[in-house]
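Here's the structure, in structure tokens; my notes come after.
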Amino acid sequence: MTDKDLKKFIQNALIEDVGDGDHTSLASIPSKATSQAHLLVKDNGIIAGIELAQLIFKEVDSSLKIKQLLKDGDKVKFGDIAFIVKGNSISILTGERLALNCMQHMSAIATKTAYLNTLIVGTNCKLLDTRKTTPLNRTIEKWAVKIGGGENHRFGLYDMIMIKDNHIDFAGGIANAIQKTKTYLTENNKNLDIIVEARDLTEVNEILSQGGIKRILLDNFDYKKTKQAVAVIGKQCQTESSGGITEETIAEYAKCGVDFISVGALTHSILNFDLSLKAI
């Protein structure tokens, strides 16, 4: 996402929340009153979204001053203070909820990502997110994954070719799907990596026979079949495990020798990280 896109995200989110004004604050607080508040950590894990929160407050009121005490990616505990914001009281209250919503969600994602990464230490496997994100929030969710030490998979349908089971079935088989894809990329002068999903070892071999593939996605393979697939593929292309992988199983899949493991739960099954903005 470009700076322009991020600014648009913040503006749209503020329109959703603020509408024609924060009437509670406007009604109860003098327009020129000034205050300060700090961002209080009430959980343990990885903090994320501090940079975004600063942009949010600045979008609300460019005169607000923010003293940053922690940075994105820092390990935090209950009672830590992430930053202090000073300035117009109404402006602080106007930006409070959006900043908290983003930070709580991003910190939860970063914390989960960091934890899963500890489970695959000692392997050469990298942890990936997926497109299973909240609509219109993909960028900040994938940003949080990076803060937590994970890697981003494709951002959308536009930046990578991923031929999955339905594509294969609709196209009339693996060979047809891959051949048509290569023709399309050539005719449209597009340089996109090709990933193809395999449902069994027979499909792994069929994909390999086509050549020109960046990665094979081993979908819902058990440990034994994953090891067999990795041995068959060797160095011909990258390997990725996906499909229902949890914190209980991720270590064993990593030990199978795959290059990547993608986990949709990094972004679609996350509970918020407890943070609050308190007047001081």
**Q.** Scan of the range 78-128 for residues that are within 18 Å of I245 (Cα to Cα) and hydroxyl-bearing (S, T, Y), ordered by number
**A.** T111, T113, Y115, T118, T123
Q. Which ranges mark the helices (runs of 4 or more DSSP H) fully within the range 191-280 that have 2 or more residues being in contact with a helix residue (DSSP H, G or I) (Cβ under 7 Å, 6 or more places away or on another chain) and charged (D, E, K, R)?
A. 201-210
Q | Exclusive hit being on the phi > 0 side of the Ramachandran plot, out of contact with any helix residue (DSSP H, G or I) (no Cβ under 6 Å at 6 or more places or on another chain) and not aliphatic (A, V, I, L, M), set G45, G49, G73, G79 | A | G79
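Any idea which of I207, I216 is more than 26 Å from the chain's Cα centre (by Cα), under 23 Å from K126 (Cα atoms) and buried (at least 21 other Cβ atoms within 10 Å of the Cβ)?
Every option except I207 fails the conditions.
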Q: Taking the options K75, K67, K112, name whichever one is surrounded by fewer than 16 Cβ atoms within 10 Å (Cβ to Cβ), at pLDDT 95 or above and under 19 Å from the mean Cα position of the chain (by Cα).
A: K75
Q) Quick one: would you say A99 is within 30 Å of G21 (Cβ to Cβ) and either surrounded by 23 or more Cβ atoms within 10 Å (Cβ to Cβ) or not assigned by TED's automatic domain parsing to the domain that holds T24 (or both)? A) yes
Q. Of the conditions (1) touching a strand residue (DSSP E or B) at 6+ places or on another chain (Cβ under 8 Å); (2) outside the structural domain of E51 (by TED's automatic domain parsing); (3) of a type outside the set (K, R), G122 fails just one. Which one is it?
A. (1)
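Just to be sure before I move on: is K164 closer than 20 Å to A265 by Cβ, surrounded by fewer than 20 Cβ atoms within 10 Å (Cβ to Cβ) and in the same structural domain as F221 (by TED's automatic domain parsing) in the structure I sent?
So K164 fits the description; yes.
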Q) Only one residue in L26, L6 is among the aliphatic types (A, V, I, L, M) and modelled with pLDDT of 95 or more. Which one? A) L26
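The values are calculated or read from the model by the stated rules, or taken from the named source; none is laboratory data. Model, not experiment: these values are computed from the prediction. Every residue, glycine as well, gets a Cβ built from its backbone with ideal geometry; the counts of neighbours run over all protein chains shown.
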